[in-house]
Structure formats: C-alpha cells, structure tokens
Amino acid sequence: MTKSALITGITGQDGSYLAEFLLAKGYEVHGIKRRASLFNTQRIDHIYQDPHEPNPKLKLHYGDLTDTSNLTRILSEVQPDEVYNLGAQSHVAVSFEAPEYTADVDGIGTLRLLEAIRFLGLEGKTRFYQASTSELYGLVQETPQRETTPFYPRSPYAVAKLYSYWITVNYREAYGIYACNGILFNHESPRRGETFVTRKITRGLANIAQGLEQCLYMGNIDSLRDWGHAKDYVRMQWMMLQQDVAEDFVIATGLQYSVREFITWSAAELGIELEFSGEGVDETATVSRVTSDMAPAVKPGDVIMRIDPRYFRPAEVETLLGDPSKAKAKLGWVPEITAQEMCAEMVSEDLKTARRHALLKAHGYDLPMAVEG
Ligand code: NDP
Ligand code: GDR
C-alpha cells in the first residue's frame with residue numbers, strides 16, 4: 001500500500017528535502033503552498049510533476065496555516081498517513097517585528113492541524129510531526145540541552161513554538177494521536193533562506209569574492225550554535241514517525257561553533273584569510289591574504305565584514321548545544337555531514353551563482369544583491 005504524507009512548508013528548506021526523501025521512499029506526497037504574487041516553488045521545481053500526467057506522486061495544494069477551513073478540507077481530501085508540520089514564519093528576528101502573525105502561524109497553526117485530525121476522526125490513522133526547535137531552550141538552563149532540559153523561550157517565535165510543542169504533547173496524551181516533537185537544532189544547506197546567518201555569510205562572501213558586494217554587515221558574531229545539515233535532519237523527521245510509540249527527540253550534532261568561526265571557514269573556502277580586530281560594534285574582518293583565484297575582486301587590506309547593530313536582537317539566544325544521545329540510542333540516528341563539510345557545500349553553490357551573476361553584470365544586467373536579516 002502506497003503511504004501518503006502531507007507537508008506544510010513544502011516550499012521551504014526542510015520541506016523540499018523531506019519531499020525528495022519521501023518520494024524516493026515511494027510515498028505519495030502532498031504539499032501545502034501559499035499563494036504569492038511571484039513563484040515560490042524554486043526549491044521543489046526539480047521534483048514537480050505535471051498534474052496532467054497519470055498518477056503524479058507529488059501534489060500541491062494552495063493553503064495557509066492561518067486558514068482553518070482550508071486545512072481541514074485538505075486533510076479531509078488527502079487522509080494522509082503522516083503529517084509533517086514544517087510551515088512557519090521561521091525567522092527569529094522577524095518574529096519581533098511581526099509577533100502576532102508569528103503566534104498565529106507558528107502557534108495556533110499547529111492547533112488547527114491537530115484539531116482537524118481529531119474533527120475528521122483521523123486520530124487512529126494520521127501520524128503527526130511537529131517542527132519544534134532548540135530556540136525553546138533560549139536562555140539555557142543546562143548544557144548540553146536534552147529532552148528533559150527546561151525551556152526558556154526568548155522571542156515571539158520561540159514562545160509560539162512553545163505553544164506548539166505542548167499542544168502536540170497534549171493531543172498525544174488527551175486523544176491518543178501519534179504526535180511527536182522533533183526538537184531540532186539549527187540546520188542549514190545550500191537551500192537555506194538567504195537571511196539566516198550561515199547562508200547570509202556564504203552568499204555574501206561569494207558575492208564579495210566576485211565583486212558583486214563590498215562588505216558583509218553582521219549582528220552578534222559571538223553567538224554559538226550547533227549546526228547540522230538539513231538532509232540529515234529530515235531523515236530523522238521521518239524516522240520519528242516510524243516508531244511503535246510516539247516520543248519527542250532532540251536532533252543535534254553535539255558540536256558548537258561561533259558565527260565568527262563560520263565566517264572564517266567560509267572565507268577560507270574562497271581562499272581568503274581574515275584578521276578580526278576591534279571589539280563589539282567596532283569589530284571588523286580585514287583580508288590578510290588571498291590564496292586562490294576564486295576571489296578575484298578581493299585584495300589584502302579590504303575590510304569585508306563590519307558589525308551593524310541593526311541585526312542585534314531585542315533578546316538574544318547566545319548559546320545552543322544539543323545532546324542527541326536519545327536519538328542515537330533509540331533510533332540509531334547520527335548526523336553524517338559535518339558543519340565544515342556543509343559550509344564548503346554552501347560556499348561552492350553560492351560561488352557558482354555569484355559567478356553567473358558576475359557574468360550577467362559584465363554584460364549589462366544589474367541584479368539586486370543585498371539581503372536584510
Ligand atoms: P523555511 O523558512 O525555509 O520554510 C518555512 C516554510 O513555511 C515555507 O514553505 C513557507 O512558505 C511556509 N510558511 C510560512 N508561513 C506560512 C503560512 N502562514 N502558512 C503556510 N505555510 C507557511 O524554514 P525551514 O525549512 O528552515 O524550517 C522548517 C520548520 O522547522 C519551520 O517550522 C522552522 O520553524 C522549524 N525549524 C527550523 C530549524 C532550522 O534550523 N532550519 C530548526 C528548528 C526548527 P513560503 O515558501 O511561501 O515562504
Ligand atoms: P536562529 O538562526 O535565530 O538560530 O534561528 P539565524 O541563522 O537567524 O541566527 C543564528 C545566530 O546568528 C546571529 N547573527 C545573525 N543572524 C542573522 N540572521 N543575520 C545576521 O546578520 C546575524 N549576525 C549574527 C543571530 O543573532 C543568532 O544568534 C534558526 C531558525 O531556522 C529558526 O526557525 C530555528 O528554530 C532555529 O534556527 C533553531
């Protein structure tokens with residue numbers, strides 16, 4: 001029997017990798033995409049299947065996590081074996097700008113899906129995965145963070161996700177729904193949104209290397225994160241729904257690095273050696289040596305990173321480090337891609353794009369380069 005899965009947030013980083021993963025396993029995959037005035041399916045265009053073809057395995061539905069009747073209708077039509085709730089306003093800094101919307105989508109959106117499962121009598125059939133987050137630990141109460149570490153959210157995003165975490169646990173306990181939380185630490189890839197810190201760095205430095213931008217403006221580069229690769233993490237999302245009993249798991253690498261280190265690695269991938277000097281808002285990174293031809297636009301003495309306090313957050317999560325022992329012991333999951341390998345892949349992909357853009361620019365096409373976030 002072909003299994004079916006419904007993915008909210010299929011157009012995002014994780015949704016695209018998970019859709020690929022489930023299609024390869026033979027699933028019929030349904031995804032909810034938002035109506036937008038521009039195309040927003042770039043991350044899944046390579047797996048798109050024409051609905052006019054016989055038996056397409058990937059089907060897209062217009063929808064939104066703020067729309068109860070829409071979600072209920074889609075669930076009723078699809079009757080999925082598995083729901084992966086990955087849809088969210090997922091940017092922590094943006095959640096301070098749009099707290100109410102973030103609460104609606106990231107908090108109540110989860111309730112809408114769980115209620116729809118209950119209302120439609122799918123409790124015995126549909127398994128539910130909630131995209132919980134290490135941001136729940138916020139002001140950390142214990143290091144490393146594990147499943148039992150108390151939460152202390154530090155942003156409207158994290159507070160909304162805290163609601164989702166507990167409503168998922170509650171529907172499991174109250175109604176017997178197979179529902180679990182993956183408490184995922186930061187995970188990245190070449191498909192990461194351009195305003196999250198790793199991608200902002202790899203894309204920004206690749207652009208600087210090719211002369212498309214001059215300087216990277218950063219926020220708190222002392223921040224410490226436990227970075228994994230999205231491909232490893234979506235595999236774990238699926239594994240969590242294949243157990244006999246629903247449980248919550250921390251997904252992390254158990255290793256931690258600073259944003260400054262990630263900048264250094266990314267520059268090194270481009271053959272750029274950096275020297276950091278100054279403190280706080282006056283800290284800069286200056287090019288000390290260029291050792292390859294990947295960065296023709298950069299020369300020693302160039303200042304290519306400065307701090308812009310605009311990117312500081314009203315309340316910061318300074319440090320996150322996960323303990324994935326439970327996932328390893330119970331599911332046999334271990335991450336396969338290191339943070340350094342992931343950084344190299346991201347730089348390599350962003351360099352390809354930057355080279356194409358540099359070529360276009362040389363022929364008179366100007367492309368907007370700057371990102372805010
Ligand atoms: P992305 O930001 O890349 O993707 C978010 C997805 O949610 C996009 O498909 C987006 O659609 C969709 N979405 C946004 N708002 C709505 C809405 N109102 N209704 C329906 N869909 C909506 O996030 P990631 O793929 O990185 O993360 C996936 C999930 O995992 C998110 O819930 C995130 O909070 C969580 N998470 C992520 C971690 C990470 O490090 N990546 C770590 C821990 C948790 P569109 O493309 O149209 O914008
Ligand atoms: P985070 O990811 O907030 O951890 O949430 P992000 O990459 O945005 O920030 C990581 C750390 O880097 C610092 N930082 C900057 N961040 C951004 N975006 N831009 C900057 O210029 C910058 N300079 C420094 C941040 O302050 C922060 O400390 C991500 C999201 O994917 C969430 O959805 C998910 O739940 C968590 O990871 C786990």
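Does the range 111-130 contain at least one residue that is closer than 15 Å to ALA158 by Cβ and assigned to a helix (DSSP H, G or I)? So that I can check it myself, show each step before the final result.
Let us first name the residues in the range 111-130 that are closer than 15 Å to ALA158 by Cβ, namely 130.
Among the residues that remain, those that are also assigned to a helix (DSSP H, G or I) are: none.
No; the residues of the range 111-130 include none that is closer than 15 Å to ALA158 by Cβ and assigned to a helix (DSSP H, G or I).
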Any hit, the range 2-15, residues being surrounded by fewer than 17 Cβ atoms within 10 Å (Cβ to Cβ) and more than 9 Å from ligand 1 (Cβ to nearest atom):
yes
I'm trying to understand the selection: among the residues of the range 279-336, which are closer than 30 Å to GLU97 by Cα, more than 22 Å from the chain's Cα centre (by Cα) and part of a loop (DSSP other than H, G, I, E, B)?
GLU279, GLU283, ASP308
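Out of ASP308, ASP282, ASP244, which single residue is more than 25 Å from PRO144 (Cβ to Cβ), more than 16 Å from ligand 2 (Cβ to nearest atom) and among the charged types (D, E, K, R)?
Going through ASP308, ASP282, ASP244 in turn, just one is more than 25 Å from PRO144 (Cβ to Cβ), more than 16 Å from ligand 2 (Cβ to nearest atom) and among the charged types (D, E, K, R): ASP244.
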Output the number of the condition that GLU135 fails; it satisfies all remaining conditions of (1) farther than 18 Å from THR66 by Cα; (2) in contact with a strand residue (DSSP E or B) (Cβ under 9 Å, 6 or more places away or on another chain); (3) crowded, with 24+ Cβ neighbours inside 10 Å.
(2)
Considering each residue of the range 236-278, count those that are touching a residue at least 24 places away in the same chain (Cβ under 8 Å) and assigned to a loop (DSSP other than H, G, I, E, B), and give that number.
12
Give the residues of the range 93-132 that are farther than 16 Å from ALA179 by Cβ, under 17 Å from the mean Cα position of the chain (by Cα) and either crowded, with 22+ Cβ neighbours inside 10 Å or within 9 Å of ligand 1 (Cβ to nearest atom) (or both), sorted by residue number.
SER95, THR102, VAL105, ASP106
If you scan the range 168-189, which residues turn out to be out of contact with any Asp or Glu (no Cβ under 9 Å at 6 or more places or on another chain) and either in a loop (DSSP other than H, G, I, E, B) or among the polar types (S, T, N, Q) (or both)?
ASN170
If you scan the range 16-62, which residues turn out to be among the small types (Gly, Ala, Ser) and surrounded by 20 or more Cβ atoms within 10 Å (Cβ to Cβ)?
SER16, ALA19, GLY31
In the range 8-33, anything without any contact (Cβ under 8 Å) to a residue 60 or more places away in the chain and not in a helix (DSSP H, G or I) is listed as THR11, GLY26, TYR27, GLU28, VAL29, HIS30, GLY31, ILE32, LYS33
When every residue in the range 133-146 that is within 15 Å of ligand 1 (Cβ to nearest atom) and free of Cβ contacts under 8 Å to residues at least 60 places away in the same chain is compared, the one farthest from GLN79 (Cα to Cα) is LEU136
Test THR149 against the criterion of being within 16 Å of ligand 2 (Cβ to nearest atom), of a type in the set (S, T, N, Q) and either in a loop (DSSP other than H, G, I, E, B) or without any contact (Cβ under 8 Å) to a residue 60 or more places away in the chain (or both), and give yes or no.
yes
Within 15 Å of ligand 1 (Cβ to nearest atom), part of a loop (DSSP other than H, G, I, E, B) and farther than 27 Å from VAL83 by Cβ, is that true of ARG154?
yes
For SER266, work out the one condition from (1) within 12 Å of ligand 2 (Cβ to nearest atom); (2) more than 30 Å from SER4 (Cβ to Cβ) it doesn't fulfil.
(1)
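Computed from the coordinates by the stated procedures, all read-outs in this text should not be read as laboratory data. Since the model is a prediction, treat every value here as computed from it, not as a measurement. With ideal geometry, Cβ positions are generated from the backbone for all residues, glycine too; neighbour counts draw on all protein chains shown.
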